[in-house]
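To keep things clear, I will list the structure first and then write my remarks on it.
The values are calculated or read from the model by the stated rules, or taken from the named source; none is laboratory data. Note that this is a predicted model, so its numbers are computed, not measured. All Cβ positions, even for glycine, are placed from backbone atoms using ideal geometry, and neighbour counts span all protein chains on display. For accessibility, only protein heavy atoms count, side chains too; no ligands or nucleic acids. Shrake-Rupley method; radii C 1.70, N 1.55, O 1.52, S 1.80 Å.
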Amino acid sequence: MSNAVPAEISVQLSQALNVIERHLESTLMAVHLYGSALDGGLKPYSDIDLLVTVAARIDETVRQTLFVDLLEVSAFPGQSKALRALEVTIVVRSDIVPWRYPARRELQFGEWQRKDILAGIFESATTDTDLAILLTKARQHSRALAGSAAADFFNPVPESDLFKALADTLKLWNLHPDWAGDERNVVLTLSRIWYSAATGKIAPKDVAANWVMERLPVQHQPVLLEARQAYHGQGEDCLASRTDQLEAFVHFVKHEATKLLGARQ
């Protein structure tokens, strides 16, 4: 897997880095690019994942202006030819080194927050079980845009904490409102969790979806097939209209993954 930054996002990355450096300059320690930009190739709706590490807590005024300014260098998936959706996670190094679970996240920016940010509502720092998965990904494959390589910069996440994070993530999806509006992403994320629960590895969406497809009962295959095709930009995403099928898929994959994770803990 290449660590080269895809040319198609180089301008946007520079813009994002400028915003990050302008606001966090005095405490900025590292910026790592990870996720589909390096792992599986950018698909039509892929976002750009950045992990930013700082040395100290972020002042509230800086936090709010950073949220607002990141909106200018990000766009909702599929709505701009020049910009992709950014997902920026900021951690204070002393909150994650030495590693502990669950770790504390200082800030996370994503397009799902756009309406709130424009309305002056800003998410606070919080503990985040997902950091165990995120840091595992970054140590496994990332590119340092500032600072040293992630494998040297962060402690390894114990496998037991990775499995704990996967199990905690599964608890997010129980009823239809939990995935409404985010159907494709939830289907693909569930597939990745099942794959990780079985193998102990984290794989790109494509790899995990192909692995799961071979293990899915035939009645659940159309949901994953549609999600995979939409992810590639090869078909329309009508998952929201597949209410019963989607719910059946979610509960089946959750059951399979939970069973495996229970055996590992």
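Hey, what number do you get for the chain at 222 nm if only DSSP H runs of n ≥ 4 count, each worth -39500 (n - 2.57), divided across all residues, to the nearest 500? Intermediate results must be reported in sequence, preceding the final value.
Working: 11 runs with 121 residues, N = 265.
Calculated mean residue ellipticity at 222 nm is -14000 deg cm²/dmol.
Surface composition of the chain: carbon plus sulfur atoms contribute 50% of the solvent-accessible area (1.4 Å probe, protein chains only, all chains present).
Enter the Cα centre distance for the pair the stretch 30-50 and the stretch 58-123, rounded to the nearest angstrom. The stretch 30-50 and the stretch 58-123 have Cα centres separated by 15 Å. Rg ratio for the stretch 1-106: its Cα radius of gyration over 2.2 N^0.38 Å, N being its residue count, equals 1.10.
Per residue, how much accessible area does the chain have with a 1.4 Å probe, in Å²? All intermediate terms of the calculation are to be shown ahead of the outcome.
Working: 12210 Å² over 265 residues.
The answer is 46 Å² per residue.
Shown here: the chain, whose C-alpha atoms stretch 55, 41, 36 Å along the first, second and third principal axes, sorted largest to smallest.
Counting pairs of alpha carbon atoms under 8 Å apart in space and at least six apart in sequence, what relative contact order in percent does the chain give? Provide the component values of the computation, followed by the final result.
Details: 403 pairs, mean separation 45.0, N = 265.
Answer for the chain is 17 percent.
For the residue pairs K115/K164; K171/K201; K115/K205, alpha carbon separations beyond 29 Å are given by K115/K164. Using θ = phi - 60° in the Karplus curve 6.51 cos²θ - 1.76 cosθ + 1.60, the 3J(HN,Hα) couplings for the stretch 55-61 round to 8, 8, 3, 8, 4, 4, 5 Hz; x is entered for Gly and Pro.
Counting only Cα atoms, I'd like the Rg/Rh figure for the stretch 95-177, Kirkwood definition for Rh. Intermediate values should be presented prior to the final figure.
Details: Rg = 14.8 Å, Rh = 14.5 Å.
The Rg/Rh ratio comes out at 1.02.
PRE reach from W99 (point 7 Å along Cα→Cβ): which of the stretch 127-146 fall under 19 Å by backbone N? Under cut-off, by backbone N: 127-144. Between rounded, prolate and oblate, where does the stretch 68-123 land on the alpha carbon gyration tensor, with a ≥ b ≥ c its root eigenvalues, rounded for a/c under 1.5, else prolate if a/b exceeds b/c? Cα axes put the stretch 68-123 in the prolate bin.
Scan the chain and hand back the longest stretch that contains none of the GluC sites (Glu not before Pro) lying in DSSP loops with at most 12 other Cβ atoms within 10 Å. Numbers along the way, then the final one.
Details: sites that count: E25, E72, E214, E236.
The longest such stretch corresponds to 73-213.
The alpha carbons of the stretch 144-187 give a radius of gyration and a Dmax of 15.9, 42 Å, in that order. Going by a ≥ b ≥ c, the root eigenvalues of the Cα gyration tensor, does the stretch 82-221 fall in the rounded group (a/c under 1.5), the prolate group (a/b larger than b/c) or the oblate group? In terms of gyration-tensor shape, oblate.
Normalized C-alpha radius of gyration of the stretch 175-229, against 2.2 N^0.38 Å? Write down the numbers at each step before the final one.
Details: Rg = 11.0 Å, N = 55, 2.2 N^0.38 = 10.1 Å.
With N residues counted in the stretch 175-229, Rg over 2.2 N^0.38 Å equals 1.09.
Got the relative contact order for the stretch 63-173 handy, in percent, Cα pairs under 8 Å and 6 or more residues apart?
22 percent
Computed over the alpha carbons of the stretch 32-71, Rg followed by Dmax gives 13.6, 37 Å.
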